[in-house]
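Chemist: The structure follows.
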Amino acid sequence: MPFGDSTQAGTDHNPGSWKETRAAMTMVAEVFDVVVGGDTHEDTHTLQMLAPTGTKIATVCIDNDETGFATALEWIRDQAPGARVLIGLEGTRSHGIRLARALTRAGLPVVEVERPQRQQRRGRGKSDPIDAQLAALSVLRMDTDRLPIPRADGDREALRILLAGRRELADTQTRQKNQLTALLRSGSDQDRLLAQGPYTAARLHTIARRRGASTDTREQTVRRAEARRLATAIQDAHRALLANHQQLRHIVNELAPGLINRPGVGPVSAAQAIVSWSHHRRCRNDAAFAALAGASPIPASSGRVVRHRLNRGGDRQLNRALHTIATTRWRTCPRTTDYIQRRRAEGKTDPEIRRTLKRYIARELYKTLNATATTA
């Protein structure tokens, strides 16, 4: 059975009523001949194949290696009653990432599936085949226009690795600064002076080059040695963060030229936007991108009060990037300042204004990425 012949029916619609919306939606069960759900783990994966009606066709357990992936492809080829196959996997960016790559290389469409909630398991129990079945059932209920496509590899994955490393470096550096401050404040008067103010390059150099006297006690010797170690570690982390920043800038400029020229957008925020956006058509429009970022409005009205509140869900790293951009524009962008004053005059609170700003920024980033981002 040839792979890659699956089709995704349905086009963009803008219906004017709920009934028209329902009529315009095309479900996976109406388009594909078979759906495969996957429960992924570190050592093994369990796959279950369902017909469009939800009837179980077959189940298989494979190893998380190339031999297991070949077994999965052969199993799908033998068991699928048609060429239109859709795969739904849990953990497409963790335990299931290698399986997702193997299936994609074979021409099979793969979508992301969320881990089933406890309410969904109620009355069913918990096992790998049950979770694989729940994954397949969730795919059957999806709209073909809103399939959650896994994020891309390549340069996008390089940015994700750099961002993860940057967070680890920044957290470690902050912890080391706190340890150094606590160590110096409990020392001599000279130590306490060194603990005041920010740790500039000159101050860290001074702490790292200090040497003790022959009259120092063991406690003083150990304290100075530990302070030197922490100061040197903070300097090393600072250099690593600078190198990380330059790498991010270089890749961002290649993937989305001009993105960091937008007001308030730096290499780190731009890299996070690219990582979450991933590739063309992953988010169908700017509203979907805003929902992914947790910047979509959530109704919070009651009685005569009509308002919206912040969305606490979505990709929190992308939401943090939007918050950083909004905060920078809040302080430095004249256009944003005029907008803030106008909304305050309308009676809006600062949190409400910040929410709308993040929604506008999400729209701007989405349109910029769609217009400039390369396919690398």
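Please treat every number below as a calculation from the coordinates, not as lab data. No experiment lies behind these values; they were computed from the predicted model shown. Using ideal geometry, Cβ is built from the backbone for each residue, glycine included, and neighbour counts are taken over all protein chains shown.
Chemist: If you stretched the chain out fully between Thr221 and Arg307, how much longer would it get, using 0.36 nm times the residue separation minus the C-alpha to C-alpha distance?
Modeler: Once the chain is fully extended between Thr221 and Arg307, it gains 24.8 nm.
Chemist: Still on this model: Which of these values of Rg/Rh (Cα atoms, Kirkwood Rh) was calculated from the structure shown: (i) 1.08; (ii) 0.98; (iii) 1.00?
Modeler: Recomputing Rg/Rh (Cα atoms, Kirkwood Rh) here gives the entry labelled (i).
Chemist: For the peptides 128-137, 309-318, what is the packing order when you average, over each peptide's residues, the other Cβ atoms within 10 Å and list the highest mean first?
Modeler: 128-137, 309-318
Chemist: Using 7 Å Cα-to-Cβ label points, what is the Asn285/Ser94 separation (nm, one decimal)?
Modeler: Simple spin-label model gives 3.3 nm for this pair.
Chemist: While we're here: So between Thr349 and Gln317, what do we pick up on full extension, going 0.36 nm a residue minus the alpha carbon distance?
Modeler: 9.1 nm
Chemist: In nm, to one decimal, how far is the modelled label at Ser214 from the one at Ala202, with both set 7 Å along Cα→Cβ?
Modeler: 3.3
Chemist: Report, to the nearest 10°, how far helix 66-79 tilts away from the longest principal axis of the Cα atoms in the chain, using its own Cα long axis and a range of 0 to 90°.
Modeler: 20
Chemist: Follow-up question, since we're still on this one. Set the Förster radius R0 to 51 Å, insert the Cβ-Cβ distance between His41 and Asp189 as r into 1/(1 + (r/R0)^6), and round the FRET efficiency to 0.05.
Modeler: 0.30
Chemist: Translational D (Stokes-Einstein, µm²/s) of the stretch 280-328 at 4 °C and 1.567 mPa s when Rh comes from the Kirkwood sum over C-alpha pairs?
Modeler: 109
Chemist: Label Asp65 and Arg342 with points 7 Å out from Cα along Cα→Cβ: what is the distance between them in nm?
Modeler: 6.3
Chemist: On to the next question. Work out the length of the dipole vector of the chain about its Cα centre, built from +1 on the beta-carbon of each Lys and Arg and -1 on the beta-carbon of each Asp and Glu, and round it to the nearest 20 debye.
Modeler: 2320
Chemist: Over the stretch 238-343, what is the mean sequence separation of C-alpha contacts under 8 Å (at least six apart), divided by residue count, expressed as relative contact order in percent?
Modeler: Worked out over the stretch 238-343, it gives 23 percent.
Chemist: A follow-up question, please. Peptides 261-274, 195-208, 358-371: what's the order by average Cβ count within 10 Å, highest mean first?
Modeler: 261-274, 358-371, 195-208
Chemist: Rounded to the nearest 10 degrees, what's the angle between the helix 155-185 long axis and the longest principal axis of the chain, both from Cα atoms, 0 to 90?
Modeler: Long axis of 155-185 versus the principal axis of the chain: about 30 degrees.
Chemist: Could you pull out every residue, at least 5 positions away or on a different chain, whose amide H is within less than 5 Å of the one on Arg309? Hs are placed 1.01 Å off N in the peptide plane, and Pro or chain starts have none.
Modeler: Those qualifying (amide H under 5 Å, at least 5 residues apart or on another chain) are Ile298, Ala300.
Chemist: Report the gain in length on full extension from Arg229 to Arg115: 0.36 nm times residue separation, minus Cα-Cα distance, nm rounded to one decimal.
Modeler: Stretched out fully, the Arg229 to Arg115 stretch lengthens by 36.7 nm.
Chemist: Tell me the relative contact order for the chain as a rounded percent, counting alpha carbon contacts under 8 Å between residues six or more apart.
Modeler: Averaging sequence separation for qualifying contacts and normalising by length gives 13 percent for the chain.
Chemist: Just to verify a number: FRET efficiency for Ala300 and His250, C-beta to C-beta distance, R0 = 35 Å, to 0.05?
Modeler: That gives a FRET efficiency of 0.25.
Chemist: Among Gln247, Gln220, Pro198, whose Cα projects farthest towards the positive end of the dipole of the stretch 155-255, with charges put on the beta-carbon of Lys, Arg (+1) and Asp, Glu (-1)?
Modeler: Gln220
Chemist: Can you give the angle from 0 to 90° between the axis of helix 350-372 and the longest principal axis of the chain, with both taken from C-alpha atoms, to the nearest 10?
Modeler: Roughly 70 degrees, rounded to the nearest 10.
Chemist: So, one more: Okay, helix-only estimate at 222 nm for the chain: each DSSP H run of n ≥ 4 adds -39500 (n - 2.57), divide by all residues, round to 500 deg cm²/dmol; what do you get?
Modeler: Mean residue ellipticity at 222 nm (helix-derived): -17500 deg cm²/dmol.
Chemist: Residue-wise, which Karplus ³J(HN,Hα) couplings in Hz belong to the stretch 92-106, taking 6.51 cos²θ - 1.76 cosθ + 1.60, θ = phi - 60°, and x for glycine or proline?
Modeler: Per-residue couplings from phi come out as 5, 10, 9, 5, x, 5, 6, 5, 4, 5, 5, 5, 5, 4, 7 Hz.
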